[in-house]
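A quick write-up on the structure given underneath.
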Amino acid sequence: MQRMLIMRHGEAAPGSPDHARQLTPRGVQEAETMASWLAQRVAQGELPMPRLYASPYVRAQQTAQALCDALGIGLETLDFITPDDAPSAVGDWLLEQAEGAPIMLVSHMPLVGDLAGWLVGGSRAQGVGFPTAAIAELTGEIWAAGCAQLVSFTQPSQLASG
């Protein structure tokens, strides 16, 4: 059984052009909270060290960098996981990946919701709403429409103390 983590970037400031929008201070905190939680899971053996991929957009790169720092791993940028890219294109890429370490994608709405819906429910219409910095963890034998199971869905507000 393979594992995948799909993460939406942290809260971003409004602005233009869209690809250059940066994380807000809250977005940085959200990314750091989730990165710390993932690092703890890896350290405790609950999760194998993932292979990390992110959208080229600034806010996704900033979010992914928090993960790199916490996990001590590198990052690869994928040009086809921007907000309006098709889940099926990501699915084609996923099918080409060797089994092994979990794949972690840091991207944007609506792609993250559409991709999770497509993998679990078989349709983009089954999309999942993702708060900022939320992570969906999926398992599956093959990354194709309707072939995955949603194992967990975690967002920063569930982990914040106080």
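The values are calculated or read from the model by the stated rules, or taken from the named source; none is laboratory data. In this text, all values refer to a predicted model and were calculated from it rather than measured experimentally. Glycine gets a Cβ as well: all are built from the backbone with ideal geometry, and neighbour counts include every protein chain shown.
The set of residues in segment 42-68 being surrounded by fewer than 16 Cβ atoms within 10 Å (Cβ to Cβ) and over 15 Å from the mean Cα position of the chain (by Cα) consists of A43, Q44, G45, E46, P48.
To keep it simple, each residue is scored yes or no on (1) within 20 Å of D18 (Cα to Cα); (2) in a loop (DSSP other than H, G, I, E, B); (3) basic (K, R).
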| residue | (1), (2), (3) |
| --- | --- |
| P56 | yes, yes, no |
| A70 | no, no, no |
| D92 | no, no, no |
| G100 | no, yes, no |
| W118 | no, no, no |
| A133 | yes, yes, no |
| L138 | no, no, no |
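Within the set of pairs 6 or more residues apart or between chains, which connect a residue that is farther than 11 Å from I73 by Cα and charged (D, E, K, R) inside segment 46-62 to a residue that is in a strand (DSSP E or B) and modelled with pLDDT of 95 or more with Cβ atoms less than 6 Å apart? If the second residue must be in a strand (DSSP E or B) and modelled with pLDDT of 95 or more, the pairs left are R59/A12; R59/L23. Selection of segment 1-40 for residues being of a type in the set (K, R), out of contact with any helix residue (DSSP H, G or I) (no Cβ under 7 Å at 6 or more places or on another chain), crowded, with 16+ Cβ neighbours inside 10 Å and outside any strand (DSSP E or B) yields an empty set. Keeping to segment 111-139, report how many residues are of a type in the set (D, E, K, R) and closer than 23 Å to P156 by Cβ. The qualifying residues number 2. Mind checking whether some residue in segment 78-92 is aromatic (F, W, Y) and closer than 22 Å to T139 by Cβ? Checking segment 78-92: not a single residue is aromatic (F, W, Y) and closer than 22 Å to T139 by Cβ. Screening P87 against (1) buried (at least 19 other Cβ atoms within 10 Å of the Cβ); (2) in contact with an Asp or Glu (Cβ under 9 Å, 6 or more places away or on another chain); (3) at pLDDT 95 or above leaves a single unmet condition, (3).
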